[in-house]
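The values are calculated or read from the model by the stated rules, or taken from the named source; none is laboratory data. Note that the structure is a prediction, hence the values are computed from the model and not measured. All Cβ positions, glycine included, derive from the backbone under ideal geometry; neighbour counts span all protein chains shown. The accessibility values were calculated without ligands, DNA or RNA, using every heavy atom of the protein model including side chains. Shrake-Rupley method; radii C 1.70, N 1.55, O 1.52, S 1.80 Å.
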Amino acid sequence: MTGPTSSASPQTGAHAVIANAVDPARRPDVLLRKRRDEGHEVSVWWMIGAFVGVSALVIVVLSFVPGGA
């Protein structure tokens, strides 16, 4: 007879789900998400630069709208 700790396979469905869980951030079917190596992060300066660039582009485009102040 086997005890609850002597078996290598999960005893309940909940344990099986946890044992087979996949990190949702690393799912291959998510659109527009680049899978990177563990521990690799994008520099915050890229996000700041993108914000400044998009803001400048919006200001330039809006400056061509007639009737502005």
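Here are a few things to note about the model shown:
- Residue within segment 58-69 that is among the hydrophobic types (A, V, I, L, M, F, W, C), at negative phi and at pLDDT below 65 present: yes
So that you can scan it fast, the table gives a plain yes or no per residue for (1) in contact with a Ser or Thr (Cβ under 8 Å, 6 or more places away or on another chain); (2) modelled with pLDDT under 80; (3) open to solvent by less than 100 Å² (accessible area, probe 1.4 Å):
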{"residue": "T12", "(1), (2), (3)": "no, yes, yes"}
{"residue": "H15", "(1), (2), (3)": "no, yes, no"}
{"residue": "P24", "(1), (2), (3)": "no, yes, yes"}
{"residue": "P28", "(1), (2), (3)": "no, yes, no"}
{"residue": "E38", "(1), (2), (3)": "no, yes, no"}
{"residue": "V44", "(1), (2), (3)": "no, no, yes"}
{"residue": "F51", "(1), (2), (3)": "no, no, no"}
{"residue": "S55", "(1), (2), (3)": "no, no, yes"}
